[in-house]
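Beneath this line is the structure, given in structure tokens, with notes to follow.
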Ligand code: 13P
């Protein structure tokens, strides 16, 4: 019997929503969704909104994630936030290695590995993001890029830890562009990533790790994407900012 992996539908709010706005969103979303089974619903607000959003999540099916963390617990690191601090603020997850962090803030595979390690050490679940640039895909380098990002990004994790985390495949050319990867392209990349996990950590770990697709996910393409064999959920940007569209995506993804 193949393992039934629980889907994750995560909204990455990026640089949007104050605490009160985020809390109001969660209450409205929870009321709209009712009981949610077989699916983890996650929202990732900016750090300053995390506590208020996590408070609003209590007693609902929604949990909160940080959009990033630093790998040290404390020290002279102006502007940084540690994993135990976001846990204290109420986060259960942390997104690591988003392409916008890689592109604008100097994130590397090495820093992704350190952050993923620190997130697990703090008792949180990482969502580790990978994905190729448009020119890398056009040059036939997609697999090479994914292999490097997955291998190096997970290099500090044990097999058991990898089984419990999530990997988000977000092709950079599909993020915020409306150019969603076709279900076939997304499935192929997610299957490749699962194969990489199998090679390095064994097939049982690969069966359990959850692999999400992100990049212009909308209510009208969610169902086909989420029904692919190796896609276990979504990481949603723009369409997670309005209750109606995020709830629509969740409705279309329910198992
Ligand atoms: P969009 O859904 O806006 O394309 O963003 C995807 C993303 O970057 C989620 O992390």
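Just so it is clear, none of the values below were taken in a lab; they were calculated from the coordinates. It should be emphasised that the depicted structure is a prediction, and the values quoted were computed from it without experimental measurement. Neighbour counts run over all protein chains shown; Cβ positions are idealised from the backbone, glycine included.
If one computes the Cα centroid of segment 201-236 and of segment 80-133, what distance in Å separates the two points? First find each Cα centre; the distance between them is then 19 Å.
As a proxy for reagent exposure, 169, 192, 213, 104 were ordered by neighbouring Cβ count within 10 angstrom, fewest first; the result is 104, 192, 169, 213.
May I ask you to work out the translational diffusion coefficient for the chain at 4 °C, viscosity 1.567 mPa s, via Stokes-Einstein with Rh from the Kirkwood sum over Cα pairs, reported in whole µm²/s? My calculation gives 72 µm²/s for D. Rg and Dmax of segment 166-255, both derived from C-alpha coordinates alone, stand at 13.0, 40 Å. Normalising the average separation of contacting C-alpha pairs (under 8 angstrom, six or more residues apart) by the number of residues puts the relative contact order of the chain at 20 percent.
Based on other C-beta atoms within 10 Å, arrange 230, 121 from fewest to most.
By the 10 Å Cβ count, ascending, the order reads 121, 230.
Answer rounded, prolate or oblate for segment 1-74, using the Cα gyration tensor with square roots of eigenvalues a ≥ b ≥ c: rounded when a/c is under 1.5, else prolate when a/b is larger than b/c, else oblate. Because a/c hits 1.5 or more and a/b fails to exceed b/c, segment 1-74 counts as oblate. As a proxy for reagent exposure, 132, 107 were ordered by neighbouring Cβ count within 10 angstrom, fewest first; the result is 107, 132.
Remark on segment 22-156: ratio of C-alpha radius of gyration to 2.2 N^0.38 Å is 1.15. Scaled against the 2.2 N^0.38 Å expected of a compact globular protein of N residues, the Cα radius of gyration of segment 123-185 reads 1.24. Peptide packing: for 201-211, 133-143, the average count of neighbouring Cβ atoms within 10 Å per residue gives the ranking 201-211, 133-143, highest mean first.
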